[in-house]
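Let me begin by presenting the structure, written as structure tokens, before commenting on it.
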Amino acid sequence: MRRATPTDCPRLTEIAHAAKRYWGYPEAWIVNWRDQLTITEGYVAAQYVELVEIGGAPAGFFALRKHRDFTELDHLWVDPAIIGQGLGRKLLEQAVSVCRGEGVERVEIDSDPYAEPFYLHMGARRIGKTPAAVEGDPERYLPRMTLDVGLVDAVRYSEV
């Protein structure tokens, strides 16, 4: 794993778009989310973005955004070709490790609805919902979750 650089932005954007498409969302929604899924040089410079490489190429990444009272997991994406092989878990564990090192006690997440079971499995809990209306689904929302940084290790060790 390593920090992302501006030269990684095109590949990280590709991963984010491909991972979102993995869930079968309509292409019109993907187009609507283009800006949210595009990782720019400015974003990499302003936020903490770390990636994991496989075979010398980025295969997944996460981004943390600091707010006054909490830190948010702004992105966590894995190349769809390797979803289900534990890379998402490793990325989340690394994000939590970074937070722990900075004295952060909790991480908040606006989870894609399809990713909610993953975050629940990792010890997060739902604390609300964030409106996320899209064409054809004006009532759509994202599960708003919180993850106690200390619980991630407890979950991992309880599975051994």
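Got the relative contact order for the chain handy, in percent, Cα pairs under 8 Å and 6 or more residues apart?
18 percent
Annotation: amide H of T130 within the under-5 Å range of L142, R144, sequence separation 5 or more or interchain, hydrogens built in the peptide plane. The phi torsions of the range 130-142, fed into the Karplus equation with coefficients 6.51, -1.76 and 1.60 and a -60° offset, translate into couplings of 10, x, 8, 4, 9, 3, x, 9, x, 9, 5, 9, 10 Hz, rounded to whole numbers, with Gly and Pro shown as x. In plain terms, the residue of D79, D148, D137 with the fewest other Cβ atoms within 10 Å comes first and the most crowded comes last, giving D137, D148, D79. Using a simple spin-label model with pseudo-atoms 7 Å out from Cα toward Cβ, R126 and W23 lie 1.3 nm apart. Which percentage, to the nearest 5, of the DSSP beta bridges contained in the range 2-158 is antiparallel? Within the range 2-158, antiparallel bridges account for around 95 percent of the total.
With contributions of -39500 (n - 2.57) from each DSSP H run of at least four residues, the per-residue ellipticity at 222 nm computed over the chain stands at -10500 deg cm²/dmol. When each of the peptides 24-31, 66-73, 86-93, 5-12 is scored by how many other beta carbons lie within 10 Å of its residues on average, the order from highest to lowest is 86-93, 5-12, 66-73, 24-31. The candidate values were (i) 0.92; (ii) 1.14; (iii) 1.00; the one computed from these coordinates for Cα Rg over 2.2 N^0.38 Å carries the label (iii).
Each reported figure results from applying straightforward, stated rules to the coordinates on display, with no laboratory input. As the structure is a prediction and not an experimental result, all values here were calculated from the model. All Cβ positions, even for glycine, are placed from backbone atoms using ideal geometry, and neighbour counts span all protein chains on display.
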